[in-house]
Amino acid sequence: MNIEFDLNGRVQKVVITSVERAIDVLTRQCGIKSLSGTCLEGLCGTCLILLEGKPVYSCLMPAFMLRDHRVETTEYFTKMREYSLLNSELTKEGSALCSSCHNGIMLMGMMLIRSVPAPTRGEILSSLSNVHCDSIDPDDFADAVLKIIQHLGIARKMP
Amino acid sequence: MNISEIHYPRSLQELMLLLEREMNVQIVAGGTTFGYIQTTRYLSFEPSIMYIGQIPELRSIHKTERMISFGAACTLSELEHVYPFEHGQARKLLHTIGTPAVRNIATIGGHLMYGKRFLSLWALLACFDAELEFRAFSKTSTKNIWYSADEMGMPTIESGRLLTRIRIPLQSIDHLFIQRIGGAVFPDGDGGYLVSVATIDRRTISNFKLVIAGPRAYRDYDAEQRIIAAPHPLPARIMQTVMRMYAESLRKTNFWNVELLLPLISQVLEALQRSTE
Ligand SMILES: Cc1cc2nc3c(=O)[nH]c(=O)nc-3n(C[C@H](O)[C@H](O)[C@H](O)COP(=O)(O)OP(=O)(O)OC[C@H]3O[C@@H](n4cnc5c(N)ncnc54)[C@H](O)[C@@H]3O)c2cc1C
Ligand code: FES
């Protein structure tokens, strides 16, 4: 059947059947490259997307559930200044992101940086539980996110 | 690979009409159990899928002075800040379920209608006397959550019944004890939860419940009745009688590990003694 949803700010039309998982439609039909789908069990977080602004595992979601929703993947954020700031902050902190976790970690980071009101340190740390990554130090991640939020806050206040 | 027909009812009325018309229906709320349990790349469902995640009546939360009621399609994340999950320990229990990314789509209805066993929140909701509202054709029925367990304590979920709302009477929580027991809870395993709730009113225990739920559900009404209306703190002889009653009824089930559970029940009673109004 034909369904429509908002993908990264654009109307996306796809043809789906009941058997497909959201991750497969996003990668095969919509050209999304950031998702890898390592476990298909909601454990690794390499398939994270934002559904109505909230993180969900696209491997657990049947594709038909995408209909009429707003979906964002890491691709939506890559051209934003906050994205490069976060990327370089994380590299500076010594947390070279492994390629499989890169999508999930950056997506969580961007969601947090853009959330209103600004997240607490606890909320930042808890968002990391969505991604099973041994290579990132949670405190480095929280420091990087909070630093960018602060930086942007100052930048926003300047005339 | 079976392709099913997908329906997106936008109101409860439309859903009820579809349920009357369609045969071999699969209700899908958050869909997480299907995605998790089916290890194949492609998913399979009954021939006719009803996706209920976009029905406003099933997503609303109402609170009155006496009770809270939430729609079956509310996600576990949406319930995080409402009674009884606003209580620290209850919220902690909610947070043991997957990760935020699971709880953002997994619904309370899907959690309670899982059917293979009792999942993590069942014992807590049973302690709070939750009532489940079901719809089948044009009939609405409301049953205490215990209705989903048979005399042996096994889950009894009738297929084709739609769970629409969960209602919980509000009560003051003076004692809440939650203890994980055994191994895994989901998708199966011998794990579960022992939960106990009490209200103390003018130095009298006005409400007391103790529920264990996992592969099966257990509760001793007589032991609870022995505690309700007793003075707080409980006199030693009532404590002893109650412990004897629990030992006996647990043994009778021929299922639960009495040696493991009795010390926990004793801890529950000790915690109850320390509780304040
Ligand atoms: C990675 C992961 C970890 C998990 N960890 C835990 C855990 O630690 N503890 C725990 O208890 N659970 C755990 N779960 C299970 C989780 O609680 C359930 O998957 C979830 O609550 C089911 O909700 P859903 O909306 O996705 O249900 P669905 O998958 O959509 O449906 C589940 C079942 O309920 C039926 N159903 C759904 N809604 C209704 C309704 N309104 N009326 C009638 N039938 C209905 C469906 O037909 C289906 O049979 C975990 C799940 C995942 C994916
Ligand atoms: S593929 Fe691992 S969580 Fe989705």
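A few notes on this one:
- Single residue of the range B:187-244 satisfying the filter (within 16 Å of ligand 1 (Cβ to nearest atom) and surrounded by fewer than 20 Cβ atoms within 10 Å (Cβ to Cβ)) that is nearest to B:Tyr36 (Cα to Cα): B:Pro187
- Among residues of the range B:44-77, those that are within 14 Å of another protein chain (Cβ to nearest Cβ) and touching a Gly at 6+ places or on another chain (Cβ under 6 Å), counted: 2
- Selection from the range B:103-117 of residues that are within 21 Å of B:Phe134 (Cβ to Cβ), assigned to a helix (DSSP H, G or I) and in contact with a strand residue (DSSP E or B) (Cβ under 7 Å, 6 or more places away or on another chain): B:Ile108, B:Gly109, B:Leu112
- Selected residue (criterion: farthest from ligand 2 (Cβ to nearest atom)) from residues of the range B:35-45 that are crowded, with 19+ Cβ neighbours inside 10 Å and not small (Gly, Ala, Ser): B:Phe45
- Top-ranked residue in the range B:31-68 [being of a type in the set (S, T, N, Q) and more than 24 Å from B:Leu94 (Cβ to Cβ); ranked as farthest from ligand 1 (Cβ to nearest atom)]: B:Thr40
- Qualifying residue in the range A:77-99 (condition: within 16 Å of ligand 2 (Cβ to nearest atom) and at pLDDT below 95): yes
- Residue check, B:Glu277 at negative phi, in a loop (DSSP other than H, G, I, E, B) and either among the acidic types (Asp, Glu) or not assigned by TED's automatic domain parsing to the domain that holds B:Val185 (or both): yes
- Annotation for the range B:10-20: no member residue is within 13 Å of chain A (Cβ to nearest Cβ), closer than 21 Å to A:Ala22 by Cβ and buried (at least 17 other Cβ atoms within 10 Å of the Cβ).
- Candidates in the range A:87-134 are the residues that are exposed (fewer than 14 other Cβ atoms within 10 Å of the Cβ), among the polar types (S, T, N, Q) and part of a helix (DSSP H, G or I); of these, the one that is nearest to the other protein chains (Cβ to nearest Cβ) is A:Ser99.
- For the range B:94-112, a residue qualifies if it is surrounded by fewer than 22 Cβ atoms within 10 Å (Cβ to Cβ) and more than 16 Å from ligand 2 (Cβ to nearest atom), and the qualifying residues are B:Leu94, B:His95, B:Thr96.
- Which numbered condition B:Glu80 misses (of (1) more than 10 Å from ligand 1 (Cβ to nearest atom); (2) within 12 Å of chain A (Cβ to nearest Cβ); (3) in contact (Cβ under 8 Å) with a residue 60 or more places away in the chain; (4) of a type outside the set (Ser, Thr, Tyr)): (3)
- All positions within the range B:90-102 that are touching a helix residue (DSSP H, G or I) at 6+ places or on another chain (Cβ under 9 Å) and either away from ligand 1 (no atom under 16 Å from the Cβ) or assigned to a loop (DSSP other than H, G, I, E, B) (or both): B:Ile97, B:Gly98, B:Thr99
- Restricting attention to the range A:20-78, the residues being of a type in the set (D, E, K, R), part of a helix (DSSP H, G or I) and within 14 Å of ligand 1 (Cβ to nearest atom) number 0.
- From the options B:Gly109, B:Gly71, B:Gly115, residue that is within 16 Å of the chain's Cα centre (by Cα), modelled with pLDDT under 95 and within 11 Å of ligand 1 (Cβ to nearest atom): B:Gly115
- Checklist (1) surrounded by 21 or more Cβ atoms within 10 Å (Cβ to Cβ); (2) under 22 Å from B:Leu261 (Cβ atoms) applied to B:Arg165, failing item: (2)
Per-residue answers, yes or no, for (1) modelled with pLDDT under 95; (2) in a strand (DSSP E or B); (3) more than 9 Å from ligand 1 (Cβ to nearest atom):
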site: B:Ser141; (1), (2), (3): yes, yes, yes
site: B:Tyr147; (1), (2), (3): yes, no, yes
site: B:Leu163; (1), (2), (3): no, yes, no
site: B:Arg167; (1), (2), (3): no, yes, yes
site: B:Leu176; (1), (2), (3): no, yes, yes
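- Selection from the range B:46-59 of residues that are farther than 13 Å from B:Gly109 by Cβ and either among the aromatic types (Phe, Trp, Tyr) or surrounded by fewer than 15 Cβ atoms within 10 Å (Cβ to Cβ) (or both): B:Pro47, B:Pro56
The values are calculated or read from the model by the stated rules, or taken from the named source; none is laboratory data. These numbers were taken from a predicted model, which means no experiment stands behind them. Ideal geometry is used to build each Cβ from the backbone, glycine not excepted, and the neighbour counts take in all protein chains shown.
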